[in-house]
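All remarks here apply to the structure that follows.
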Amino acid sequence: MGMTMTQKILAKHAGLSEVKPGQLVEAKVDLVLGNDITAPVAITEFEKAGLTQIFDRDKIAIVLDHSTPCKDIKSAQLCAQAREFAKKHSITNFFDVGKVGIEHALLPEQGLTAPGEVIVGADSHTCTYGALGAFSTGIGSTDMAAAMATGSLWFKVPSAIKVTLKGKLPRYVGGKDIILHLIGLIGVDGALYQSLEFAGEGVAELSMDDRFTISNMAIEAGAKNGIFPVDYQTWTYLEGRVQRPWEGVEADADAEYTREVVIDLSELRPTVSLPHLPSNTRTVDQVAGTPVQQVVIGSCTNGRLKDLAEAAAILEGRTVHDGVRCIVIPATQQIYMDAMREGYIETFITAGCAVSTPTCGPCLGGHMGVLSNGERCVSTTNRNFVGRMGPTDSEIILANPAVAAAAAVSGEIVDPASLS
């Protein structure tokens, strides 16, 4: 019986000729990731177990991105613990303030993720790297400790849902709209412990940034991972970034899927998720006129250069609406510099936006934009759960960068096309 992309990768890393859904395998990992919130827990467990050596200093990445620059004493203590561990074990890929970026944008940018690899991270959005044709998934901090010591983990092989994309993208529609539409169709548990495997001629319509956005939010449908086939765009992105050998995989023609979901890209509209679940989706015209007090443009989901370009195109020559705070967070230092060269940062500041150093910040209610009681935020982040960005009566509406920027200048949700 044929295998899916995910099953092929897990089989190879487990040293097996084939695997089947539900099978338990022990597989080698190519990269282990932690951040300033999850790595300290893993480090504590690592040392509590009496472990003294890591399996490979080049295959562990620690990224201080969630609450940095440190917002309080506790976050400073956690970062200090991570720094000490990274120094003690000579971890090659340690990223601190000034050289940091939001982990799921930074690692691909740095060439640390590649097709065919198994990548695990103590962060649920580690599934982002499936955009490159890797099997990447989130794990707990205890599993991170084990992986740092042994270089392998146990996995249950997931079954898969095939998501077939066809057609061409309309204006102001991108990766965020595709994944929100999909989550709206199948629900937040519609792909529970399954692989979302994307296919079809519509894949070629998607930029790498679109694919990162889609794979990033696979977990919001309950998926174990989201994965794209390797094509010309993947090759182009990897060129000059990844120096080591890599090998992409293709799903077999007779691979089995639990179901197929077909999405015609040409029929999509800019889509938002209303509080308090990513599956609570509406098209932008259905919620036009909803007032907002804050807009956040950034995160591991939509803080890349293409996202900033889309927002800047809306904000160019316009001013942020009175009563609205617009916060822009480039996802990495490189993206920040590229945005400066393109003039986007000047556009944001001239329009009245606050531009932050790279950080997860408000996405998890950490800092740089926490809401007050009853406030509503349009955000390009990935979760809109109760209390995610502030008090339990505050609200988050998920949207793409163009919709978010249009809300910033209008003071309410509008179709970005109406500002053209």
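The values are calculated or read from the model by the stated rules, or taken from the named source; none is laboratory data. Since the model is a prediction, treat every value here as computed from it, not as a measurement. As a convention, Cβ positions derive from the backbone with ideal geometry for all residues, glycine included, and neighbour counts pool all protein chains shown. Ligands, DNA and RNA are stripped out before the accessible areas are found, and what is left, the full protein with its side chains, is counted by its heavy atoms. Shrake-Rupley method; radii C 1.70, N 1.55, O 1.52, S 1.80 Å.
Of the residues that make up segment 37-54, is at least one open to solvent by less than 50 Å² (accessible area, probe 1.4 Å) and aromatic (Phe, Trp, Tyr)?
Yes, some residue in segment 37-54 is open to solvent by less than 50 Å² (accessible area, probe 1.4 Å) and aromatic (Phe, Trp, Tyr).
Are there any strands (runs of 3 or more DSSP E) wholly within segment 217-324 with 1 or more residues that are open to solvent by less than 60 Å² (accessible area, probe 1.4 Å), in contact (Cβ under 8 Å) with a residue 60 or more places away in the chain and farther than 23 Å from residue 172 by Cβ, and if so which?
Per the criteria, 225-227.
Report yes if some residue within segment 146-157 is crowded, with 19+ Cβ neighbours inside 10 Å and without any contact (Cβ under 8 Å) to a residue 40 or more places away in the chain; otherwise report no.
Scanning segment 146-157, I find at least one residue that is crowded, with 19+ Cβ neighbours inside 10 Å and without any contact (Cβ under 8 Å) to a residue 40 or more places away in the chain, so the answer is yes.
Looking at this structure, is residue 215 among the polar types (S, T, N, Q), closer than 21 Å to residue 301 by Cβ and in contact with a strand residue (DSSP E or B) (Cβ under 9 Å, 6 or more places away or on another chain)?
Here the answer is yes, as residue 215 does meet what is asked.
When you check residue 332 against the structure, is it farther than 22 Å from residue 103 by Cβ, surrounded by 21 or more Cβ atoms within 10 Å (Cβ to Cβ) and β-branched (Val, Ile, Thr), yes or no?
no
So which residues in segment 349-367 are touching a residue at least 24 places away in the same chain (Cβ under 8 Å) and over 21 Å from residue 396 (Cβ atoms), if there are any at all?
351, 352, 357
A quick yes/no check of all residues on (1) out of contact with any Ser or Thr (no Cβ under 9 Å at 6 or more places or on another chain); (2) open to solvent by 10 Å² or more (accessible area, probe 1.4 Å); (3) assigned to a loop (DSSP other than H, G, I, E, B); (4) within 15 Å of residue 286 (Cα to Cα):
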site	(1), (2), (3), (4)
374	no, yes, yes, no
381	no, no, yes, no
408	yes, no, no, no
418	no, yes, no, yes
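In segment 348-366, which residues are part of a loop (DSSP other than H, G, I, E, B) and of a type in the set (A, V, I, L, M, F, W, C)?
Matches in segment 348-366: 353, 360.
Hey, among the residues in segment 344-366 that are of a type in the set (A, V, I, L, M) and modelled with pLDDT of 95 or more, which one's most open to solvent (accessible area, probe 1.4 Å)?
Looking at the filtered set, the residue picked out is 349.
Among the residues that make up segment 8-15, is at least one of them farther than 30 Å from residue 240 by Cβ and either out of contact with any Asp or Glu (no Cβ under 8 Å at 6 or more places or on another chain) or assigned to a strand (DSSP E or B) (or both)?
Yes: segment 8-15 contains one or more residues that are farther than 30 Å from residue 240 by Cβ and either out of contact with any Asp or Glu (no Cβ under 8 Å at 6 or more places or on another chain) or assigned to a strand (DSSP E or B) (or both).
Against the definition (within 16 Å of residue 40 (Cα to Cα), surrounded by fewer than 17 Cβ atoms within 10 Å (Cβ to Cβ) and of a type in the set (D, E, K, R)), how does residue 87 come out, yes or no?
yes
Under 7 Å between Cβ atoms, at least 6 apart or on separate chains: pull out the pairs that start in segment 40-67 with a residue that is within 17 Å of residue 29 (Cα to Cα) and end on any residue that is open to solvent by less than 70 Å² (accessible area, probe 1.4 Å) and among the charged types (D, E, K, R).
59/30
If the requirement is being at pLDDT below 95 and out of contact with any Ser or Thr (no Cβ under 7 Å at 6 or more places or on another chain), which of these qualifies: 202, 190?
After ruling out the rest, the residue left standing is 190.
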